[in-house]
Structure formats: C-alpha cells, structure tokens
Amino acid sequence: MNRFTSCPAERKVTRQVHVGPVSVGGGAPIRVQSMTCTRTENVAATVDQILDLENAGCEIIRVAVPTLKAAEGLAKIKTQIHIPLVADIHFNHRLALRALDEGADKIRINPGNIGGRDRFETVLKAASRRGVPVRIGVNAGSLEKALLEKHGGVTAGGLVESAMNHIRICEEAGFTDLVISIKASDIPLMIEANRLLSEKTDYPLHLGVTEAGTEKEGILRSAVGIGTLLAEGIGDTIRISLTGDPAAEVKAAYGILKALHLRKRGITMVSCPTCGRTRIDLVQVVEKIEKALENENKSLTVAVMGCEVNGPGEAREADIGVACGKKTALLFSRGETIRKIKSDEIVDAIVTEVRNWTPEHGESDR
Ligand code: SF4
C-alpha cells in the first residue's frame, strides 16, 4: 500500500480531437510530443530522428515545413514512421495545402502570419475535407500589432484575445477540429495566459514554453510553467522545447508527467540527498542503477536510500527499494523486506529485481 495518494486537481474537461489514431483531450492521456531539428527536406535524417523519438516515447511528431520540397517529403516520411505527423507552417498557406495532400495528420498554423482570412479559411476547408485537426499557435513574440496597442504590450489578456479571435474565425467557417496553444518564454505570462484561455474555451490545449533554453535551464523552466498548469488540471498535450537533442525533450516531458502522477513510463528513481549518516558512495550507486535501467519500459519506482535509519521508510514505499548501511543493505519489494545484501551487490540486486518484475507484481502507483 502506498501512502502517496494525492493527485493533481481534477482535469479540465475538453473536447477530443484525433491526430491520426492518437486522441488528444476529452480525457485522453496527456500526450507527449516533440519536434524534429533536422531539415525536413532530408527525409532519411528526419525519419531516423523520428524513430529515435518514438523509442523515447514520443506520441506525436511535428516537422517544420518551410519549403515546397519539405512538404513534398511528408508522404515519404509518413510511410516510415509509426506516430502521427504534424506539419508546422508559417507564412505560406500553399505549404499547408500541400502538406494536407501529402497526408499530414495535423497542421500547426499561426493564422496571424498566413496571409489573411481568406487563405486561412482555404486551409481550414482543406483540413475539414480530410478530417485533419488544426492547431492554432499564438506566440508572445508575434502578437498582432492592434492587440499590442490595445493591451499596452504583450499581456495574457492580449494573447488570449488573439487566440479567441482565431477560434471565432474557425467557428464562423464551421471548423471546430482545433487544438489551441499560447506560448511565451516568460513563465508567469505563459501560466496566466493559459489559465485565462482554459476558462474561456474547452478546446484541448497544447502547453509549451518557447525558447526555454538548453537542457539544464529549459527543463527547469518548462517544469515550472507546464507543471504548474498540469497540476491545476489544465493541458492536454505538452511539448518541452529544448536547444539540443529532442529525445531529451521527450524524457523531460515524461519526467514532468510522472512527477504529477499523470503518466507512467519507465523507472522513477527516488534517492535521498545523503547526509552525515551515509556510509557508502550513494551517488555512484544511484548513477549506476540509473544507467542500467535507462531504457527499461516497466513503470516502477525504485528508491535508493543512504542509511538504515530513515531509509527503510521510503524504500518500503517504492516498488523496489534499498536502505544502505556501511557494509550491508536491506532490499525491499512492495513494502516487504526481501533480504540483506552486501553493499557491492546493491546495483545488481536492484537491476535483477526490476528485470524479474512481472505484470502480476503490478505497476507503480506513484
Ligand atoms: Fe541521511 Fe538516511 Fe535521510 Fe539519506 S535517508 S538523507 S542517509 S538520514
């Protein structure tokens, strides 16, 4: 029995859209998405990266479509991957039309820069004919001039007004297969704008922090921004934007979702900060276990604690846990003491317990 039973706030009920076979919103699991950083025109490199991201757990992948050649490659990419493909379009509505012809599963568009209402509506009609949803992306960096003037700069109210204006245009055109995002690099602004948006609409929301930064800074900023909203029940799909390998984005996204008990994937490591009671090199032990289990797909919590005084409590709460003494350690599984082991057996013992874990043992409830 686990003592950690609290959950984030009840999730806001949103409409459901289907990106290819993947549902978003309407009670579906919060979807993890990412974006390739290859040139989309290079089909082979783009497919390679998408396959890596699939392995990491990415459920929806977006590619930039800045040229006709990139749009023309989408069908070839689609045949070689296994997750829905989203075309990211700016400035040229013909690229959106071509992406739809090539089988894109979703179009991401900024209606403010696509060349006017007529062209936007042309894209909506084409998407509607194919049953493809559209994500309207509003970015703090490209808020319309009139709204900047009205709101005295980039404000949450201005961003939400922009998104609601775009939604109205879609609805007037009879198109409601929508996902909405408001992104900003400023975290309080991004949080406030999405809270406001969530009050005003029930379309599913895509959460993200733009220009979040490199892994170290970007994960922290995204965890605060996206995590705050998720904890309030807001958000249906997330993308962590990092300067670097997109596989790290996917890993970080699951990290945030797991921390809030919203998704399960892989091993959740719990380890103590060590203190004057620690008698072994706990950092090294934890790093070795983490490395050995980094590609493990079983959803389990593993606790590695530095002493036999306070360690057993936490180790018992995990699926598999260890409380380390000076030369020996106590190994736990689902609250039961399994046996005493030698300190140099800890890594192997934990890894073996994880490998031997069968579905009958259950999955982590943390
Ligand atoms: Fe210190 Fe033990 Fe707590 Fe780790 S579990 S911080 S070693 S008291």
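All of the numbers you see were taken from the coordinates with simple rules; none came from a lab. All figures in this text were calculated on a predicted structure; none of them were measured in a lab. Neighbour counts run over all protein chains shown; Cβ positions are idealised from the backbone, glycine included.
From Ala329, Ala349, which residue is more than 31 Å from the chain's Cα centre (by Cα) and part of a strand (DSSP E or B)?
When all the criteria are applied, what remains is Ala329.
Of all residues in the range 262-270, none satisfies being of a type in the set (Lys, Arg), surrounded by 17 or more Cβ atoms within 10 Å (Cβ to Cβ), assigned to a helix (DSSP H, G or I) and under 18 Å from the mean Cα position of the chain (by Cα). Each residue in the range 175-222 was checked for being of a type in the set (A, V, I, L, M, F, W, C), surrounded by 21 or more Cβ atoms within 10 Å (Cβ to Cβ), outside any strand (DSSP E or B) and within 14 Å of the chain's Cα centre (by Cα), and 2 pass. If only residues of the range 55-75 that are of a type in the set (A, V, I, L, M) and touching a residue at least 60 places away in the same chain (Cβ under 8 Å) are counted, the one that is surrounded by the most Cβ atoms within 10 Å (Cβ to Cβ) is Ile60. Tallying residues that are of a type in the set (A, V, I, L, M), in contact (Cβ under 8 Å) with a residue 40 or more places away in the chain and either buried (at least 21 other Cβ atoms within 10 Å of the Cβ) or near the ligand (Cβ under 10 Å from one of its atoms) (or both) within the range 287-316 yields 4.
Against the conditions (1) in a helix (DSSP H, G or I); (2) crowded, with 19+ Cβ neighbours inside 10 Å; (3) free of Cβ contacts under 8 Å to residues at least 40 places away in the same chain; (4) not basic (Lys, Arg), Gln284 satisfies every one except (2).
Quick grid of which residues meet (1) of a type in the set (A, V, I, L, M); (2) surrounded by fewer than 20 Cβ atoms within 10 Å (Cβ to Cβ):
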{"position": "Ile226", "(1), (2)": "yes, no"}
{"position": "Leu230", "(1), (2)": "yes, no"}
{"position": "Gly235", "(1), (2)": "no, no"}
{"position": "Ile238", "(1), (2)": "yes, no"}
{"position": "Lys258", "(1), (2)": "no, yes"}
